[in-house]
């Protein structure tokens, strides 16, 4: 598959299923201003984000299936399967054949795997939309999963894994989620373990995709100059895909509720850390409050963490704060790369900022700045077809509803300083801090003492 993909970190009940008579047909379209949603008779959903002024189209298929849907024996197979879908079908026997066809329409194609979703896309000039859709559907319906290709790709995956482990800025997120969630799918790395990758065979892929790659978990999205017959084309390609119930993964359970420390000992010139607390799931009523709380703390060069950790103390080159939510849990945390000799000072400084937002209301000017920043960053994502349909698909796949972007802005506009302090007291004040650390450290007790 193409070598560049979004970093794994990676990263919701829909409208009723509509049954047709005889052969399945698209029904039930309705508009929510930005998005048009359709449901085929087999339960597969279609999401359109028409942007008539665009000259391109992004065709994307996203599924509510990712590494969270694995077992310990198959950990890493969701991401491995994503690679294998690019390796050839009966009509396009090799990866080169697939690549040649996409290159021939001047397109770009890629894929990504998260813990709760997986996506595949082609973006190209609007005139080649049908070719893009045909390639995507052929890959997902007719991939060969040839044993020789699987064996060859194992080496690629293992080297990707080595790169991930050798990049602490990426790997620290995995250490932190292992601390929070422990020995369950949310606590495992998306990329898997070397022993499970090396043990995977053709039946492993067929078992995973055969269970989860079903219409009820699949949404086809088109953004840009989508054309007037997009739904009919998708119906032609996927309307006969058999419907099937898949079940759901087990709910998440916290392994750490603070104060807890997890250290991955690694000789390095810089320490990387995540310091945070459990928070809310995606659809929580206070989701926009939590988003602005995280923005105040750690988004942008004027944020509290950037100002205090980097500008005033020179402790880090990068530092940020973020909330990352899944469908049934979440975490608010700060991440930073710091001087190994001042890691304890960095932990104390970040912890102080977390406590300050619990104790003191955010001033009006800071709240307004953070609100504008959150809204502006969001709107910038939506300026192109790929960003627009990615936003819609994530909402549709994880929450069952692709809301209009205006609703997001209205949600952010409604947040008050009192809301932020209330949620900070609930999320930060109600839990001890959890610290994940990568660096040349042996004893956790020193850092545990800083979290009390």
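Things worth noting here:
- Ordering 359-366, 265-272, 57-64, 114-121 by mean Cβ neighbour count within 10 Å, with the highest value first, yields 57-64, 114-121, 265-272, 359-366.
- Counting all C-alpha pairs of segment 260-448, share separated by more than 21 Å (%): 53 percent
- Fully extended contour minus Cα-Cα distance, from residue 146 to residue 417, at 0.36 nm per residue: 91.9 nm
- In units of the rule-of-thumb radius 2.2 N^0.38 Å, segment 27-238 shows an alpha carbon radius of gyration of 1.07.
- For the pair residue 232 and residue 445, a Förster radius of 60 Å applied to the C-beta separation gives a FRET efficiency near 0.40, rounded to the nearest 0.05.
- Cα centroid separation, segment 314-338 to segment 129-149: 37 Å.
- Put in line by how crowded their Cβ is, counting other Cβ atoms within 10 Å and starting with the fewest, 79, 38, 264 read 264, 38, 79.
- Where labels lie 7 Å past Cα in the beta-carbon direction, separation of residue 103 and residue 211 in nm: 3.8 nm
- By the count of neighbouring beta-carbon atoms within 10 Å, fewest first, 349, 71, 196 end up ordered 71, 196, 349.
- A Förster distance of 60 Å, applied to the separation of the beta-carbon atoms of residue 425 and residue 55, puts the FRET efficiency at 0.75.
- Relative contact order for segment 260-448: 40 percent, from Cα pairs under 8 Å spaced at least 6 residues apart, divided by residue count.
- Kirkwood's formula applied to the C-alpha pairs of segment 108-232 gives a hydrodynamic radius of 17.2 angstrom.
- With both residues required to sit in the chain, DSSP beta bridges show an antiparallel share near 80%.
- Cα gyration tensor shape of segment 49-118, rounded if a/c is under 1.5, else prolate or oblate by comparing a/b with b/c: oblate
- Taking other C-beta atoms within 10 Å as the exposure proxy, 238, 282 rank 282, 238 from fewest upward.
- Each eigenvalue of the Cα gyration tensor of segment 247-297, multiplied by 5 and square-rooted, gives one semi-axis; in descending order these are 27, 19, 11 Å.
- Proportion of all alpha-carbon pairs of the chain beyond 40 Å (%): 21 percent
Just so you know, all these numbers are worked out from the coordinates, no wet-lab data involved. Remember, predicted model here, so these are calculated numbers, not experimental data. Cβ sites come from the backbone with ideal geometry, for glycine too, and all protein chains shown count toward neighbours.
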